[in-house]
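Taking it in order: structure first as structure tokens, then the write-up.
The values are calculated or read from the model by the stated rules, or taken from the named source; none is laboratory data. Treat the numbers as computed from the prediction; the structure is a model and nothing was measured. Cβ coordinates were reconstructed from backbone atoms using ideal geometry, including for glycine residues, and neighbour counts include every protein chain displayed.
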Amino acid sequence: MQLGTRWTSGDEPPSSVPQELRGEIASVDATIPADLFGQPRPRWTLTWLEGKPIAELDTGIIVSLDEDGVAFARNDPEDGFG
């Protein structure tokens, strides 16, 4: 059994986040503008589905692996934006 974890966007992901996802997570984090009013940044949640890692940002962006093990980002189709 693998447990998930949470961390704040822009922070270093916990060691449990697979290396394969880290580059794409960093790319998504780089697109989030700084909040000049001091609002908290969104948080990532790492979960595992059928043994595969999935990182989901509070905004509905999902980073997962394709069939070849390459990370990609997409919008959650159920969040109303996809």
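Screening T31 on (1) surrounded by fewer than 10 Cβ atoms within 10 Å (Cβ to Cβ); (2) closer than 21 Å to S16 by Cα shows it passes everything except condition (2).
Looking only at the stretch 31-43, decide whether some residue is closer than 16 Å to R74 by Cα and acidic (D, E). Taking every residue of the stretch 31-43 in turn, none turns out to be closer than 16 Å to R74 by Cα and acidic (D, E). Sub-7 Å Cβ pairs linking a first residue in the stretch 46-67 that is more than 17 Å from G10 (Cα to Cα) and among the hydroxyl-bearing types (S, T, Y) to a second residue that is surrounded by 15 or more Cβ atoms within 10 Å (Cβ to Cβ) and modelled with pLDDT of 95 or more, at least 6 apart or interchain, are T47/I54; S64/I54, ordered by first then second residue. Would you mind stating whether V70 is at pLDDT 95 or above and more than 12 Å from the chain's Cα centre (by Cα)? Taking the combined requirement at face value, the residue satisfies it.
Just checking, does the stretch 21-34 include any residue being of a type in the set (D, E, K, R) and more than 11 Å from the chain's Cα centre (by Cα)? So that I can check it myself, show each step before the final result.
Let us first name the residues in the stretch 21-34 that are of a type in the set (D, E, K, R), namely 22, 24, 29.
From what's left, more than 11 Å from the chain's Cα centre (by Cα): none.
The answer is no, given that none of the residues of the stretch 21-34 is of a type in the set (D, E, K, R) and more than 11 Å from the chain's Cα centre (by Cα).
Residues in the stretch 34-49 that are assigned to a loop (DSSP other than H, G, I, E, B), of a type in the set (D, E, K, R) and surrounded by 10 or more Cβ atoms within 10 Å (Cβ to Cβ): R41 alone. One residue is enough: does the stretch 56-72 have a residue meeting the conditions part of a strand (DSSP E or B) and exposed (fewer than 14 other Cβ atoms within 10 Å of the Cβ)? Checking the stretch 56-72: at least one residue is part of a strand (DSSP E or B) and exposed (fewer than 14 other Cβ atoms within 10 Å of the Cβ). In the set (1) touching a Ser or Thr at 6+ places or on another chain (Cβ under 8 Å); (2) at pLDDT 95 or above; (3) in a loop (DSSP other than H, G, I, E, B), L3 fails one condition alone, (2). In summary, I62 fulfils each of the numbered conditions (1) β-branched (V, I, T); (2) at pLDDT 95 or above; (3) more than 20 Å from S16 (Cβ to Cβ) with the single exception of condition (3).
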